Structures are given as structure tokens and as C-alpha cells.
Amino acid sequence: MALLKVLKVPDPRLKLKAHPVEKVDADIQRLMDDMLETMYHDKGCGLAATQVGIQKRIVVIDFADERTPKPLLMANPEIVWYSDRREAFTEGCLSVPNQWTSIVRASSVKFQYLDRHNKRQELTVDGILGACIQHEIDHLNGVLFIDHLSSLKRNLLLRRAIKLKED
Ligand SMILES: [Zn+2]
């Protein structure tokens, strides 16, 4: 396994849209394992391939939640249902260093993905894990959690994150 470099704002590659993978083969499994090692190393609980400069629809998540496989390794994750009910959770992101803020999202979601063995899976989750799935799938579409904020608040957090990176 190998550690990958996590891109930080304002890297323009964070805005790119990732492409579906055809199948979870040995190369994709290796990428999933490297992403997981990188996520543990940087003390995150979710990482999208977009964040390591690879435009493939791959997400890894590890969360203290008994209802889902741990870790959750996903190719082509896609949300197929959003609850009408919405809920706010405090979110942070390895690509926006040391900034945390409350984001309102659907409070539960149903999603499908290919697992590490190329098998199609479907899960329905709520709570912070549901927020995390939405956050990571946003990355695959070039969207950061701060893009859900007003431009005033977004720019404030962006400036702080970029300043931290330069210090
Ligand atoms: Zn993130």
C-alpha cells in the first residue's frame, strides 16, 4: 500500500467531475486500499478519489456505525433516494484543512455502489453517516461542502484554510 497526496483548496482539480469505473478489478482494489491508508494516516473518516487527483468514482469511508460494512469501499456510489426531512451536521474535509461548519442535507439517503468484490450493494443510512455519504459523492461531482454555504461564509472558510496551508 502507498500513501497518496491529498489535494487542498484552491487546487482546481477538486472541481473536476469523476468518471464511473467499468469494474472493480485489481487496479481499482489497489486504489481503494491506498485511499483507505491515506485516509487513516490523515485522520479522516471519508475520502473520494477526486481528493487524490484521480477522476474515478471511488469513495472510502470508515465510521463507527454497526449497520454498515467497515470500512465501506465503494465504486460508482449513487444516491437513489433522499428523504424530504433535512438535518444539519458539523462537517470538515481533508481538502479544506481545519475548517468545520454546519451543513444542512437530507437526513437519510438510500444509495447503491459496487463493493471491493465488484458486487452491487444497496444501503439506507441516516445521521452523520448519511451526511458523510452525501459529502463524499459531492466530491466526485467537483462539489465541496463549503459550496453549500453562502458565498460570504464560503470565502471566509476558504481564506482561513488557504492561509493555514501557507503558514
Ligand atoms: Zn471532503
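The values are calculated or read from the model by the stated rules, or taken from the named source; none is laboratory data. Here the structure is a predicted model, which is why all the values come from computation and not from measurement. Here the Cβ is made from the backbone with ideal geometry for all residues, glycine too, and neighbour counts use every protein chain on show.
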How many residues does segment 80-99 hold that are part of a strand (DSSP E or B), within 16 Å of the ligand (Cβ to nearest atom) and closer than 30 Å to Lys23 by Cβ?
-> 1
Are any residues in segment 38-88 more than 15 Å from the chain's Cα centre (by Cα), at pLDDT 95 or above and surrounded by 15 or more Cβ atoms within 10 Å (Cβ to Cβ), and if so, which ones?
-> Tyr82, Ser83, Glu87
Segment 8-27, residues that are aliphatic (A, V, I, L, M) and over 10 Å from Arg57 (Cα atoms) = Val9, Leu14, Leu16, Val24, Ala26
Near pairs, Cβ below 8 angstrom, 6+ apart or cross-chain, from segment 29-55 (closer than 19 Å to Asn141 by Cβ) to any residue that is basic (Lys, Arg) and away from the ligand (no atom under 14 Å from the Cβ) | Leu31/Lys56; Ala49/Lys56; Ala49/Arg57; Val52/Lys5; Gly53/Lys5; Gln55/Lys17
Positions within segment 133-150 being within 15 Å of Ser102 (Cα to Cα) and free of Cβ contacts under 8 Å to residues at least 12 places away in the same chain, in sequence order = Asp147, Ser150
Scanning segment 14-30 residue by residue, the ones that are under 15 Å from the mean Cα position of the chain (by Cα) and in a helix (DSSP H, G or I) total 2
Those residues of segment 124-139 which are in contact with a Ser or Thr (Cβ under 6 Å, 6 or more places away or on another chain) and either modelled with pLDDT of 95 or more or within 16 Å of the ligand (Cβ to nearest atom) (or both), in sequence order = Gly130, His139
Members of segment 38-61 found to be in a loop (DSSP other than H, G, I, E, B) and either over 18 Å from Ala131 (Cα atoms) or away from the ligand (no atom under 11 Å from the Cβ) (or both), listed by number | Asp42, Lys43, Gly53, Ile54, Gln55, Arg57
Taking segment 129-167, which residues are of a type in the set (A, V, I, L, M, F, W, C) and surrounded by fewer than 17 Cβ atoms within 10 Å (Cβ to Cβ)?
-> Leu152, Leu156, Ile162, Leu164
Just need a number here: residues in segment 111-120 that are part of a strand (DSSP E or B) and either within 13 Å of the ligand (Cβ to nearest atom) or crowded, with 17+ Cβ neighbours inside 10 Å (or both).
-> 3
For segment 101-110, enumerate the residues that are within 16 Å of the ligand (Cβ to nearest atom) and in contact with a helix residue (DSSP H, G or I) (Cβ under 9 Å, 6 or more places away or on another chain).
-> Thr101, Ile103, Arg105
